[in-house]
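A.B. asks: Take a look at this one; I'll ask things after.
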Amino acid sequence: MNEFQVPTDLGQIPGKIYCDEVLWKYLEEVDRKILTYFVRICHLFVNRILETKSLDKIYKKIVDIITLIEKKYGRNVIIPNLHLSLHLSACSHNFGPLYTFWCFSFERMNGILELMRRLINNNRINEMIYTKNNSKGLEILNTRQSVGSLSEMNQFGHDEIRRFWMYSRTIQELTISGKEPFPGEMLKPFSENIPLSADRILDLMIAYYNDIYENLKFRKPFETDFLNSIIILLKINKYCRCRIGSKIFGLTFSPKYQKSSYILAKFASEDDSQIQFFFVHKISTNRINMENHYLAYVCWYKKIKNQFYFGINQEQMCNVELWDTEFYPKSRDCIIPVHYILGRFVLVKYKISDRKNAKEYLAVNPINRKYNLH
């Protein structure tokens, strides 16, 4: 358990955590199914954004778990809590994700008080509008700033969060260039006017823009091979961190945020990578206005043959994937818009065999803080 590399904002892993890597080799096939179903249910249930169609899948898996437990361990172990779990999907359908009402009583009360404060503020605004007194009193609405998960909603509206979420769902149909708005910002420290010539970044950037903007042609300065092509600037603003929603993503060369540099991203068939740095680059696609493109330079982990080692083969279900410790060679795919970053994962080194010289892999545990990624 000490080998798990957990982002600093998640705190410490509980000593009694149940995860595939720790228990897998000690379990029989039936128990592996129970564990796999349980982890998948938890992944779905703890999301703040929960699709209605997922509730049917959750209910079916809960039924499967109870059926497997009864078949192997007998009817006597079916306690009332297992029966009550059958109603969780219905509760989520009626009242929303469990995230909104599963807290301890004092935490739930804090949430209710926060909602009441917002209602009172709305009433005050209505009073000011109807009494035509809109010059005084507005200062009382911002005397106390929201904290925790509610603070994110103050900064970004529902439409912004949903639009960013939909980017991941339509990546194959919708081309994202990086200039689209996203619910977040680049964070300091940063370096201005960094040359693009290092490590073939300039060539990768030209390939990236030519791929994204199919009807345009981009080139380096002083090249004359392509007429009417767009010359890209040779400098970028390089950032160490990026905030998307309430989560901060770091880079591999920053010790404090290195554990937050392991990300899940949607791009072609690869989806596990490590951030090298964030950057903002300006180009003019209409030859008039310069537009900022918010991008990340990442390294993609190589796939392995036995990638779904912790899975139920006949159902193609796997909660933890194995990846190689090496990266693919640098290519145009190393540059992605920050919009393609879906979340982070907890990393742990894992060996399939107990042999001394057994190959070491990376076991990837996705962190679903907002919505299900698979």
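A.B. asks: Using modelled amide H (1.01 Å from N, peptide plane; none on Pro or chain starts), what sits under 5 Å from the amide H of Thr285, excluding residues fewer than 5 places away?
C.D. replies: The answer is Glu291.
A.B. asks: Could I ask something else about it? Please find the FRET efficiency linking Lys303 to Ile120, where r is the Cβ-Cβ separation and R0 is fixed at 45 Å, and quote it to the nearest 0.05. Spell out each step's value before the answer.
C.D. replies: Details: r = 54 Å, r/R0 = 1.20.
After rounding, the FRET efficiency stands at 0.25.
A.B. asks: Can you pull the one-decimal nm distance between simple spin-label points at Glu291 and Leu68, each 7 Å off the Cα toward Cβ?
C.D. replies: 4.8 nm
A.B. asks: Shifting gears a bit: Roughly how many debye, to the nearest 20, is the charge dipole of the range 174-367 about its Cα centre, given +1 on each Lys and Arg Cβ, -1 on each Asp and Glu Cβ, and no other charges?
C.D. replies: Roughly 580 debye, rounded to the nearest 20.
A.B. asks: Here's a follow-up. Report the label-to-label distance for Ile79 and Phe38 in nanometres (one decimal), using points 7 Å from each Cα along the Cα→Cβ vector.
C.D. replies: 1.2 nm
A.B. asks: Given the Cα-Cα distance of Lys349 and Asn228 and 0.36 nm per residue of separation, how much length would full extension add, in nm?
C.D. replies: 38.5 nm
A.B. asks: Averaging sequence separations of C-alpha pairs under 8 Å and six or more residues apart, then dividing by the length of the range 298-361, give the relative contact order as a whole percent.
C.D. replies: 30 percent
A.B. asks: Beyond a 31 Å Cα-Cα separation, which of these cross-linked pairs lie in this structure: Lys179/Lys220; Lys71/Lys349; Lys33/Lys53; Lys53/Lys351; Lys61/Lys351?
C.D. replies: From the list (Lys179/Lys220; Lys71/Lys349; Lys33/Lys53; Lys53/Lys351; Lys61/Lys351), the Cα-Cα distance tops 31 Å for Lys71/Lys349; Lys53/Lys351.
A.B. asks: Per residue of the range 44-60, in order, report the coupling 6.51 cos²θ - 1.76 cosθ + 1.60 (Karplus, θ = phi - 60°) as ³J(HN,Hα) in whole Hz, putting x for Gly and Pro.
C.D. replies: Karplus-based 3J(HN,Hα) across the range 44-60 equals 6, 5, 8, 6, 7, 10, 10, 6, 4, 5, 6, 5, 5, 5, 4, 4, 4 Hz.
A.B. asks: Which of the listed residues, Ile41, Ile65, Gly96, is farthest toward the dipole's positive end in the range 8-100, when Lys, Arg count +1 and Asp, Glu count -1 at the beta-carbon?
C.D. replies: Farthest along the dipole direction, towards plus: Ile65.
A.B. asks: Continuing with the same structure: Residue by residue, what Karplus-based ³J(HN,Hα) values in Hz, rounded to whole numbers, does the range 180-195 have, using 6.51, -1.76 and 1.60 with θ = phi - 60° and x for Gly and Pro?
C.D. replies: 5, x, 9, x, x, 6, 7, 10, 6, x, 8, 10, 8, 6, 7, x
A.B. asks: While we're here: How high is the relative contact order of the range 174-367, in percent, with contacts defined as C-alpha pairs under 8 Å that are six or more residues apart?
C.D. replies: Taking the mean separation of contacting Cα pairs over the length of the range 174-367, I get 19 percent.
A.B. asks: Taking the Cβ of Phe278 as the centre, find all other residues whose Cβ is under 13 Å away and add up their charges (Lys, Arg: +1; Asp, Glu: -1).
C.D. replies: Cβ neighbours under 13 Å give a net charge of +3.
Any read-out appearing in this document is the output of simple, stated calculations on the displayed coordinates, not a laboratory observation. As the structure is a prediction and not an experimental result, all values here were calculated from the model. Cβ coordinates were reconstructed from backbone atoms using ideal geometry, including for glycine residues, and neighbour counts include every protein chain displayed.
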